[in-house]
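Undergrad: Have a look at the structure that comes next, please.
The values are calculated or read from the model by the stated rules, or taken from the named source; none is laboratory data. The structure displayed is predicted, hence computed values, not measured ones. Cβ atoms come from the backbone with ideal geometry, glycine included; neighbour counts cover every protein chain shown. Keep in mind that these areas ignore ligands, DNA and RNA; they rest on the heavy atoms of the full protein, side chains included. Shrake-Rupley method; radii C 1.70, N 1.55, O 1.52, S 1.80 Å.
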Amino acid sequence: MGTDGRAKSLIFALALVPLGTLVLGLWNNGLGANPIETVTHTTGEWALRFLLVTLAVTPVRRLTGWNRIIRFRRMLGLFAFFYACLHLTTYLILDQFFDWRAIVEDVLERPYITAGVTAFSLLVPLAVTSTNAWIRRLGRNWQRLHRLVYAAAVMGVLHFVWLTRADQLEPVVYGVILGVLLAYRLLPTRAGKRNRSAGKAAGPQDPQQEGASRWAGLRSRARYISALRRYVSKKHVSRGSTRPANLASREVGHELDCP
């Protein structure tokens, strides 16, 4: 097992620690007077934490140049979905006992539950399409689809803020972190607008230079398609090898860098 494999194993083990703590607490009757509420809140908070950590991967990579961190983003995102599933399951089974009438009333009448259900619904297609096969199948549409993670994070924070009635310091902190992460993603767009404005101010581009720019753009797209096919296509995957998964996580993660 290589360095990345050991790192992923360590992250996987650490990500299961909150679940292990809950299981141990249930076994020892150490979850307080209302264990169902404790499980519900804990799983929901960890789902939001993993979601924010997942969104932080791209800024950390760009600011530090640590490109290998992109290999762990998919795992972190799936753990966010995993704890969100536990959070919803606890509410449906242990809290409401599959009382669908009461559940529908909660969704329609309580804004924090509406926000939570919306956040989970947005995460479902992201988890389903997180595989290399779906990346290959959707192409550039994969990027567009996975921008739903921003809306899911916003709904998750609103769910936490509206749920908390007393001390709102923690949900506000999560909201500030999310705001910073989303604001960072606007910076390249603004820089691009400034560059385009500067280009317009400089006057029309020389036809020869414009043709060269278009040709460079076409070559860039060709390289993108070639890289996507080379590292994701099953034609280049040898059975029983761990190399394709590592390459897909690394190279495709760079090419399709959305979240």
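Undergrad: Return a yes/no flag: does region 95-114 have any residue that is in contact (Cβ under 8 Å) with a residue 40 or more places away in the chain, of a type in the set (Asp, Glu) and farther than 23 Å from residue 73 by Cα.
TA: yes
Undergrad: Look through region 135-154, keep the residues that are without any contact (Cβ under 8 Å) to a residue 24 or more places away in the chain and touching a helix residue (DSSP H, G or I) at 6+ places or on another chain (Cβ under 7 Å), and return whichever of them is nearest to residue 55 (Cα to Cα).
TA: 145
Undergrad: May I ask you to verify whether residue 204 is open to solvent by 60 Å² or more (accessible area, probe 1.4 Å), on the phi < 0 side of the Ramachandran plot and at pLDDT below 95?
TA: Answer is yes for this residue.
Undergrad: Of all residues in region 114-157, which are at pLDDT 95 or above, open to solvent by less than 40 Å² (accessible area, probe 1.4 Å) and β-branched (Val, Ile, Thr)?
TA: Matches in region 114-157: 129, 149, 157.
Undergrad: Now for a different question. Assuming residue 119 fulfils every condition listed in (1) over 17 Å from residue 40 (Cα atoms); (2) under 16 Å from the mean Cα position of the chain (by Cα) apart from one, which condition is it?
TA: The one condition residue 119 does not meet is (1).
Undergrad: Let me ask something else about it. Restricting to region 62-71, count the residues that are in contact (Cβ under 8 Å) with a residue 12 or more places away in the chain and either under 19 Å from residue 185 (Cβ atoms) or touching a strand residue (DSSP E or B) at 6+ places or on another chain (Cβ under 7 Å) (or both).
TA: 3
Undergrad: Also: Keeping to region 52-105, report how many residues are over 22 Å from residue 123 (Cα atoms) and among the small types (Gly, Ala, Ser).
TA: Within region 52-105, residues that are over 22 Å from residue 123 (Cα atoms) and among the small types (Gly, Ala, Ser) number 2.
Undergrad: Related question: Residues in region 78-88: is at least one touching a residue at least 60 places away in the same chain (Cβ under 8 Å) and not hydrophobic (A, V, I, L, M, F, W, C)?
TA: yes
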